[in-house]
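Asker: This is the structure I want to talk about, given as structure tokens.
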Amino acid sequence: MNEGRGMQPSAVWAMKPLPDITAAEFRAWQELLETRSGIVLNEQRRAFLQTILATRLRELGLDSYTAYYQQVTDGPRGAVEWSHLMDHLTVQETHFFRHSPSFRLLGEYLHGKLAGSAAGAAWQLWSVGCASGEEAYSLALVAAEVQREAGLDACFGVTGSDLSLNALTRARQGNYGSRRVGELEEALLERYFLAQPDGSFTVCDALRERTCFARLNVLDLARAPQRGMDVIFCQNLLIYFRRWRRRDILARLAERLAPGGLLVIGVGEVADWHHPLLQPVADEQVLAFTRKG
Ligand SMILES: C[S@@+](CC[C@H](N)C(=O)[O-])C[C@H]1O[C@@H](n2cnc3c(N)ncnc32)[C@H](O)[C@@H]1O
């Protein structure tokens, strides 16, 4: 029986099953992904890659993984498509105050900074791999609270950077569903968010004005303009990278810290790592370093 009888040709085509990705095709995609983003897709994620690619092949009316590979590696036209693909291949799971001990440490660090210095330059905080912005806004919330409790006007700036344009768009909107903000303390929600008629919450202008989002591939950190950062958070990003690359990226981040600056990494994301510029923070619950000097 002809299953496609009476259907539009495109619909018939869309139903056609795509062949499984071959070992050689999978290797080629693995290499491309790792070279361009650092992300290592192991054999267990083969089915995941195939599903993402197959969906896109159908949308574009292509019938082979190789044809699509050629398209994404085809100069500027390919760059747009690559960017689209990355929105789907990257894991963007995040939430406010993810790994609370890291934010507890941040609060303590900023309180200490306040106590140890006269009024000076605005604090600069950076969320590397910020996804849809919750981490960057969490940094902003802590900084705002520390300065508010000290009776000071807000004086800080937060940068969130990520590879995914789609994630950055959501971060810039700063609008989150009630479940996403449900984990926030009531007082923070009232002070820094505006309830919307549809039940969602938008980060207030005062915080959004201090927070900016930029596209940055961590493989290109050497070209990043960020310097003299007081705080850098890089959590749940390095886990997708090879060990040597994690160390490489961390070394670059260390160079971007101001003297005395704080670098916070996801627990377990790097083991036995030392850097001449950094000293480890003595906290069993957090993996963090401060810059000497
Ligand atoms: C799991 S999220 C982590 C979000 C947040 N840091 C947290 O801990 O909740 C990882 C983020 O890293 C981003 N990412 C992956 N590879 C990247 C790269 N090479 N450069 C910059 N960002 C990257 C992804 O787009 C994603 O938004």
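Asker: Residue check, ALA167 against (1) closer than 30 Å to ARG242 by Cα; (2) in a strand (DSSP E or B); (3) of a type outside the set (Lys, Arg), all met but one. Which one?
Answerer: All conditions are met except number (2).
Asker: Which members of the range 201-250 meet the condition of being more than 9 Å from the ligand (Cβ to nearest atom), in contact (Cβ under 8 Å) with a residue 60 or more places away in the chain and part of a loop (DSSP other than H, G, I, E, B)?
Answerer: ARG210, ALA224, GLN226, GLY228, ARG242
Asker: I'm trying to understand the selection: among the residues of the range 95-146, which are among the charged types (D, E, K, R), open to solvent by less than 40 Å² (accessible area, probe 1.4 Å) and within 28 Å of ASP220 (Cβ to Cβ)?
Answerer: Correct list: GLU134, GLU135.
Asker: Given the criteria open to solvent by 90 Å² or more (accessible area, probe 1.4 Å), at pLDDT below 95 and assigned by TED's automatic domain parsing to the domain that holds VAL270, does ARG223 qualify?
Answerer: Here the answer is yes, as ARG223 does meet what is asked.
Asker: If you scan the range 171-187, which residues turn out to be assigned to a helix (DSSP H, G or I) and surrounded by fewer than 18 Cβ atoms within 10 Å (Cβ to Cβ)?
Answerer: ARG172, GLN173, SER178, ARG179, ARG180, GLU186, ALA187
Asker: Pull up the range 15-65, narrow it to residues that are open to solvent by less than 60 Å² (accessible area, probe 1.4 Å) and β-branched (Val, Ile, Thr), then point me to the one that is nearest to the chain's Cα centre (by Cα).
Answerer: ILE39
Asker: Moving to a separate point now. Looking at the range 31-40, can you tell me whether even one residue there is under 22 Å from LEU238 (Cα atoms), assigned to a helix (DSSP H, G or I), modelled with pLDDT of 95 or more and among the β-branched types (Val, Ile, Thr)?
Answerer: For the range 31-40, residues under 22 Å from LEU238 (Cα atoms), assigned to a helix (DSSP H, G or I), modelled with pLDDT of 95 or more and among the β-branched types (Val, Ile, Thr): present.
The values are calculated or read from the model by the stated rules, or taken from the named source; none is laboratory data. Values in this document were obtained by computation on a predicted structure and should not be read as measured data. So basically every Cβ, Gly included, is an ideal-geometry build from the backbone, and we count neighbours across all protein chains shown. When the accessible area is computed, the model is the full protein with side chains, heavy atoms only, and any ligands, DNA or RNA have been set aside. Shrake-Rupley method; radii C 1.70, N 1.55, O 1.52, S 1.80 Å.
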